[in-house]
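The values are calculated or read from the model by the stated rules, or taken from the named source; none is laboratory data. Here the structure is a predicted model, which means the values were calculated and not measured. Every residue, glycine as well, gets a Cβ built from its backbone with ideal geometry; the counts of neighbours run over all protein chains shown. When the accessible area is computed, the model is the full protein with side chains, heavy atoms only, and any ligands, DNA or RNA have been set aside. Shrake-Rupley method; radii C 1.70, N 1.55, O 1.52, S 1.80 Å.
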Amino acid sequence: MTDTVRGAGALRALPDVLRAAPRVIRAELRPGRRDPLPRHRLLGRLAHGHAVLFAVVVGVWDMNHYESFMQPATGAVSLLVVLQSVAPVLALSRPSAALWLSTAALALTAALTSAVAGAGRPWSLPGLALHTLVLLLLALRVRPTASAAALGITVLAGAAALLPHPAPDLGGLFRGAAAFALAVLVGSSLRATRVSRSRLVEQEELTAEERARRALLEERGRIARELHDVVAHHMSVISIQAQVAPHLVADPSPELRENLAGIRQNAVDALAELRRVLGVLRGDGDPTDAAAGLRHAPQPALDQLDDLLDNVRAAGLDVTADTRGTRRPLSPGTELSAYRIVQEALSNVMRHAPGARAVVVTHYHRAGLTVRVTNTAAARPAGGRPGGPAGEPGHGLLGMRERTAMLGGELSAGPAPGGGWDVTATLPAPVPLPTKEAS
């Protein structure tokens, strides 16, 4: 069924190919077109040197071949043989010009030598070998339509030089055409393989970029869900406080009731709008979180960092914690981002450095909070392939950078001395200046 559909598609595309053929032939067989032969991945320029050496050796052979019976016309034939020997060398940089040069040399040589040879021979054996190389080098760099046109031009030129002779060598014409066709077929096949490999490499690069972009978008969606939870919590608190406030005053004035009602209504409207815009992001969350009932759980903060460390210790990671500076409450977004950065950094240690020891340092300072997670080198090789499921690259580092950039902070991650890894995030949360009333 697949082959039938593919064949039907090829038949439907055939008219378009035929309509585009003249334009392709004009563009790719233009004599002034420059298309250098690329270097081989393994051999480098060695193939170019072999082509030059082949042209020289076969050119000398062709010269000796004609001089053996063309003494009266040696000068003209020698010039044509030299031009045909130059054609493969020219084909290394300008294959279309080499095609026209070699074809013209073959046709003129056949016209000059047919009378002396006593039979209409379109091509000598060394001349056939030289032109076969030219067609091969051409087919490596032009589209199959242009290669087929070059083959047709060569055969027609040989037939035009052969058929007016009273004793044409049709067998030589067919043998030469078969050799030329084989060269075009081999060259076109090698070109198709090279083009397919290049397109595969480009597709792999695009796939890797798309995978990284998708991972970044997924992490941004996760951050947006968490921010939605934090903001929704505070808006709910505002609404409840505005509703309860009138009952805390003995005799609230109508203006106070009206203002508090307006505050509560604005909070409810904002909460509804927030849930309408961002609440849909809960639909693509981690199914394991949903199964465990964690999707609607309160978002973690730094006061739950000890529980996180206990969990990773139970999983086999040797981790110690150190808190520096005077601990103070931070904004929910800063607390959540710091917790997630530590969580992801420790997860990376367990995945990529089994048997390593880790240290978590939280440093409170006037400018904000610095979280640092360092680990030693792995004690044994990590099992499986790096990255996420099925060997795909993970996006933990992308998420950490997104969280840090969202808060206007800085993140550095890289190898640590001794073969370990170091992740340091600085989150701005300056200490507010004391007011005059407080002083």
### Summary
The correct count of residues that are among the hydrophobic types (A, V, I, L, M, F, W, C) and within 28 Å of the chain's Cα centre (by Cα) in segment 31-61 is 3
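Go through Ala183, Ala192 for me and flag whichever is among the hydrophobic types (A, V, I, L, M, F, W, C), touching a Ser or Thr at 6+ places or on another chain (Cβ under 7 Å), assigned to a helix (DSSP H, G or I) and closer than 21 Å to Val142 by Cα. Outline the logic, then answer.
Numbers: Ala192 fails: touching a Ser or Thr at 6+ places or on another chain (Cβ under 7 Å).
The match here is Ala183.
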## Note on the structure
Checked segment 338-364 for anything among the basic types (Lys, Arg) and at pLDDT 90 or above; matches are Arg357
### Message
I need the full set of residues from segment 317-351 which are outside any helix (DSSP H, G or I), in contact with a strand residue (DSSP E or B) (Cβ under 9 Å, 6 or more places away or on another chain) and either open to solvent by less than 30 Å² (accessible area, probe 1.4 Å) or not charged (D, E, K, R) (or both), in order please.
### Response
Leu317, Val319, Thr320, Ala321, Thr323, Gly325, Thr326, Leu330
### Task
Give the residues of segment 232-248 that are modelled with pLDDT under 75 and either open to solvent by less than 70 Å² (accessible area, probe 1.4 Å) or hydroxyl-bearing (Ser, Thr, Tyr) (or both), sorted by residue number.
Ala232, Met235, Ser236, Val237, Ser239, Val244
### Task
Would you please list the contacts, defined by Cβ atoms under 9 Å and residues six or more apart or on different chains, that run from a residue in segment 356-368 that is touching a residue at least 60 places away in the same chain (Cβ under 8 Å) and within 12 Å of Thr424 (Cα to Cα) to a residue that is open to solvent by 50 Å² or more (accessible area, probe 1.4 Å) and outside any strand (DSSP E or B)?
Thr362/Gly325; Thr362/Arg327
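Condition check ((1) open to solvent by 50 Å² or more (accessible area, probe 1.4 Å); (2) under 25 Å from Arg23 (Cα atoms)) across all residues:
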position	(1), (2)
Ala146	no, yes
Ala149	no, yes
Leu162	no, no
Leu170	yes, no
Leu190	yes, yes
Thr193	yes, yes
Ser198	yes, yes
Glu204	yes, no
Arg213	yes, no
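Condition check ((1) at pLDDT below 85; (2) part of a helix (DSSP H, G or I); (3) at positive phi; (4) out of contact with any strand residue (DSSP E or B) (no Cβ under 6 Å at 6 or more places or on another chain)) across all residues:
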{"position": "Val142", "(1), (2), (3), (4)": "no, no, no, yes"}
{"position": "Ala150", "(1), (2), (3), (4)": "no, yes, no, yes"}
{"position": "Leu200", "(1), (2), (3), (4)": "no, yes, no, yes"}
{"position": "Asp229", "(1), (2), (3), (4)": "yes, yes, no, yes"}
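Considering only residues that are open to solvent by 60 Å² or more (accessible area, probe 1.4 Å) and under 20 Å from Ala111 (Cβ atoms), look in segment 56-74 and name the one that is modelled with the lowest pLDDT. Steps first, answer last, please.
Residues of segment 56-74 open to solvent by 60 Å² or more (accessible area, probe 1.4 Å): 56-57, 60-61, 64-65, 67-69, 71-72.
Of the ones still in play, those that are also under 20 Å from Ala111 (Cβ atoms) are 65, 67-69, 71-72.
On the way: His65: 78, Glu67: 74, Ser68: 70, Phe69: 65, Gln71: 61, Pro72: 53.
Among those residues, the one meeting the criterion is Pro72.
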### Task
Test Ala367 against the stated conditions and say whether it is open to solvent by less than 80 Å² (accessible area, probe 1.4 Å), modelled with pLDDT of 65 or more, out of contact with any Asp or Glu (no Cβ under 7 Å at 6 or more places or on another chain) and over 16 Å from Ala416 (Cβ atoms).
yes
### Hey, Ala261 of a type in the set (Gly, Ala, Ser) and modelled with pLDDT of 75 or more or not
yes
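Given the criterion at pLDDT below 80, out of contact with any Gly (no Cβ under 7 Å at 6 or more places or on another chain) and aliphatic (A, V, I, L, M), identify the matching residue among Ala98, Ala104, Ala111. Working first, answer last.
On the way: Ala98 fails: at pLDDT below 80; Ala104 fails: at pLDDT below 80.
After ruling out the rest, the residue left standing is Ala111.
Which one is modelled with the lowest pLDDT among residues in segment 394-423 that are in a strand (DSSP E or B) and surrounded by 19 or more Cβ atoms within 10 Å (Cβ to Cβ)? Let's see the steps before the verdict.
Going residue by residue through segment 394-423, those that are in a strand (DSSP E or B) are 410-416, 420-423.
With surrounded by 19 or more Cβ atoms within 10 Å (Cβ to Cβ) added as a condition, the list becomes 421, 423.
Values: Trp421: 91, Val423: 94.
The qualifying residue modelled with the lowest pLDDT is Trp421.
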### Query
In segment 28-55, which residue that is out of contact with any helix residue (DSSP H, G or I) (no Cβ under 7 Å at 6 or more places or on another chain), open to solvent by 80 Å² or more (accessible area, probe 1.4 Å) and assigned to a helix (DSSP H, G or I) is nearest to Val77 (Cα to Cα)?
Leu53
### Task
Considering (1) outside any loop (DSSP other than H, G, I, E, B); (2) open to solvent by less than 30 Å² (accessible area, probe 1.4 Å), say which one Val82 fails and leave the rest.
(2)
#### Entry: Boolean, Gly120 is at pLDDT below 80, open to solvent by less than 40 Å² (accessible area, probe 1.4 Å), more than 47 Å from the chain's Cα centre (by Cα) and not basic (Lys, Arg)
yes
